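The values are calculated or read from the model by the stated rules, or taken from the named source; none is laboratory data. Since this is a predicted model, take the numbers as computed values, not measurements. We place every Cβ from the backbone using ideal geometry, glycine too, and count neighbours over all the protein chains shown.
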Amino acid sequence: MRQAILDLPGSKIREVANAGLGRNDVLAFWFGESDEVTPEPVRQAAADSLLRGETFYSHNLGLPELRQAIAQYATGLHGEVQVDRVAVTSSGVTALMLAMQLLVGAGDEVVVVVPVWPNLTAQPAILGATVRRVALRPKDGAWGLDLDELRAAVTPRTRVLLVNAPNNPTGWTMTEAEQRALLNHCRSTGTWIVADEVYERVFFGDSPAAPSFLDIATPQDRLIVAHSFSKSFLMTGWRLGWLVLPEGGLDAAGKLLEFNSSCAPVFVQRGALAALAIADESVPALISRLQAGRDRLLTGLQRLPGVTVAVPPGGMYAFFRVEGQDDSLALARRLVAEQGLGLAPGAAFGPEGEGWLRWCFASKDLSRLDAGLERLADALR
Ligand SMILES: Cc1ncc(COP(=O)(O)O)c(C=O)c1O
C-alpha cells in the first residue's frame, strides 16, 4: 500500500461513535446529518424511476435535464451559471475529490483553511500534494479569518486554495469582502480556488444563501465550486452532488468522471430533479427548522457555566469548548460512556480544533436537544 494512504489518520468521530456501539440509550449528535427523512416526493420520484426500469448507465456528466435544473437553481442564487459548467457527481465528497484530481498532482502545494472536515485535507494528501494549513482563530467562541495571514500563505507556488464556508465544524461564514480579496489575490498568484459550498443554503442571514465565490467570479476564473444534495435537501444517503467548473472545464471533468464512478445512478438523479422542483418551499422550511434547533441549543449551551460558544451564522453545528477541558477526545469519550451523549471531538478537525466539541443541531425534535443539554449539564456539575 502507498505510504500516503497508510499515513492517513483514522476518523476520531468514528472512534467516539464506536465507543457507543451497541447502546441504544445514546443521544447521538456526532454526525453531520439531520434526523429527518428525505421528503416524500423525492423518494417517490426515485421509486418511480426504478419501477420504470431506469437501471442502466447514463451520461458521465449527469442527466441533461438534471444539469439544466442545477444550472437554473444556481443561476437563481448567484446570477447566470451556464449548464455547460455543471457536472453531476456521486456525492459532495466525490465532487471535491474530482476537483482535486483535476488540479493537483504529487508535490503540488494546497493551502487549506482549517479547522475543517478532515476529508478536505486527506484528499490532496492522497494525491501526494503538500497540505499547508492556515488556521481560523476563535474570539469569544466566534471563529474568524486573518486575511493577511492567508494571503501571505498563498504564493505563486500554491496550486490550490481550498476553502469551506459555511465551515464544518466552526460555522465560520465568509463575507463577500473576504471572498473578493482572496479571489483578487489568487488571480495574482495564478492559484486555483476550490470552494466547498455544500452548506451554502444552511445560512441564517438575510439572504437565501451564504456569500458564494460564484457571486463575484467570472466564468473564466480558476474556480471550482463543490456542492451536495446531502444537507439542504435531506439526501445524505443518496450520495449526489455537483461541480460548477470554469468555462471549458467540462470535457476534462467528464473524462475524469468516467474513471471514477462513470455516472451517478439515474434513479438517484430523478430524486434530485424532484428535490429541485420543490426547493423553493422545502429549503426555506428546512432552514427555519434548523434555525430553531440552533437557537434552542445555543441558548442552552450559553447558560452552562464554563462553556464558550458563539452563535454560528451558517452550517449545522455548535462548536464550543468547556473551561479546563483541553483533551476533546477524552471528553467526548467520557460523555458517551457516562452520559450517553454523542458529540464529535474538535481534534477530529485538526489540531486547531483541539479542546473544542462539535454538536450537530439538525434535530427536528427539539426535545432531543434539551435532553442532550441536560446530560451535558450533569457531566459538568
Ligand atoms: C464541509 C463538507 N463538505 C462536503 C461534505 C460532503 O457531503 P456529501 O458527500 O454527503 O455530499 C460534507 C459532509 O459532511 C461536509 O461537511
Going through the range 190-207 one residue at a time, which ones are surrounded by 15 or more Cβ atoms within 10 Å (Cβ to Cβ) and of a type outside the set (A, V, I, L, M, F, W, C)? 191, 196, 197, 199, 200, 201
Being assigned to a helix (DSSP H, G or I) and out of contact with any strand residue (DSSP E or B) (no Cβ under 9 Å at 6 or more places or on another chain) narrows 9, 41 down to just 41
Quick one: residue 207 ticks every box in (1) within 16 Å of the ligand (Cβ to nearest atom); (2) hydroxyl-bearing (Ser, Thr, Tyr); (3) more than 15 Å from the chain's Cα centre (by Cα) except a single one, so which number is it? (1)
Only one of 87, 95 is in a strand (DSSP E or B), touching a strand residue (DSSP E or B) at 6+ places or on another chain (Cβ under 7 Å) and hydrophobic (A, V, I, L, M, F, W, C), namely 87
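Can you tell me which residue among 94, 158, 121 is within 15 Å of the chain's Cα centre (by Cα), over 22 Å from residue 317 (Cα atoms) and touching a residue at least 40 places away in the same chain (Cβ under 8 Å)?
Just a single option satisfies the conditions, and that option is 94.
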Within the group 54, 65, 33, which residue is in contact (Cβ under 8 Å) with a residue 40 or more places away in the chain, within 20 Å of residue 344 (Cβ to Cβ) and either more than 16 Å from the ligand (Cβ to nearest atom) or assigned to a loop (DSSP other than H, G, I, E, B) (or both)? 33
Assess whether residue 149 counts as being buried (at least 17 other Cβ atoms within 10 Å of the Cβ), over 22 Å from residue 32 (Cα atoms) and more than 16 Å from the ligand (Cβ to nearest atom). no
Subset of the range 209-222 [of a type in the set (A, V, I, L, M) and either crowded, with 23+ Cβ neighbours inside 10 Å or in a loop (DSSP other than H, G, I, E, B) (or both)]: 209, 210, 214, 217
Given (1) surrounded by 17 or more Cβ atoms within 10 Å (Cβ to Cβ); (2) within 16 Å of the ligand (Cβ to nearest atom), identify the lone condition not met by residue 260. (1)
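Mind listing whichever residues of the range 226-248 are buried (at least 20 other Cβ atoms within 10 Å of the Cβ), within 18 Å of residue 100 (Cα to Cα) and not polar (S, T, N, Q)? Steps first, answer last, please.
The initial filter retains those residues of the range 226-248 that are buried (at least 20 other Cβ atoms within 10 Å of the Cβ), namely 226-235, 238, 240-245.
Filter again for within 18 Å of residue 100 (Cα to Cα), leaving 226-228, 240-245.
Within the range 226-248, 226, 227, 240, 241, 242, 243, 244, 245 qualify.
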Assuming residue 215 fulfils every condition listed in (1) touching a residue at least 40 places away in the same chain (Cβ under 8 Å); (2) within 16 Å of the ligand (Cβ to nearest atom); (3) under 18 Å from residue 196 (Cα atoms) apart from one, which condition is it? (2)
Between residues in the range 164-182 that are under 18 Å from residue 142 (Cα atoms) and in contact (Cβ under 8 Å) with a residue 40 or more places away in the chain and residues that are polar (S, T, N, Q) and more than 16 Å from the ligand (Cβ to nearest atom), which pairs lie under 9 Å by C-beta distance while being six or more apart or on different chains? 165/179
Might you check whether a residue that is without any contact (Cβ under 8 Å) to a residue 60 or more places away in the chain, over 30 Å from residue 208 (Cβ atoms) and surrounded by fewer than 23 Cβ atoms within 10 Å (Cβ to Cβ) occurs anywhere in the range 279-298? no
Can you tell which of 277, 285, 272 is under 15 Å from residue 91 (Cα atoms), of a type in the set (Gly, Ala, Ser) and modelled with pLDDT of 95 or more? 272
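If you go through the range 93-109 one residue at a time, do you hit one that is hydroxyl-bearing (Ser, Thr, Tyr), under 28 Å from residue 250 (Cβ atoms) and within 16 Å of the ligand (Cβ to nearest atom)?
yes
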Residue 105 fails exactly one of the following numbered conditions: (1) over 21 Å from the mean Cα position of the chain (by Cα); (2) among the small types (Gly, Ala, Ser); (3) not in a loop (DSSP other than H, G, I, E, B). What is the number of that condition? (3)
Condition first: within 16 Å of the ligand (Cβ to nearest atom) and among the basic types (Lys, Arg). Can you find one or more residues in the range 182-199 that meet it? no
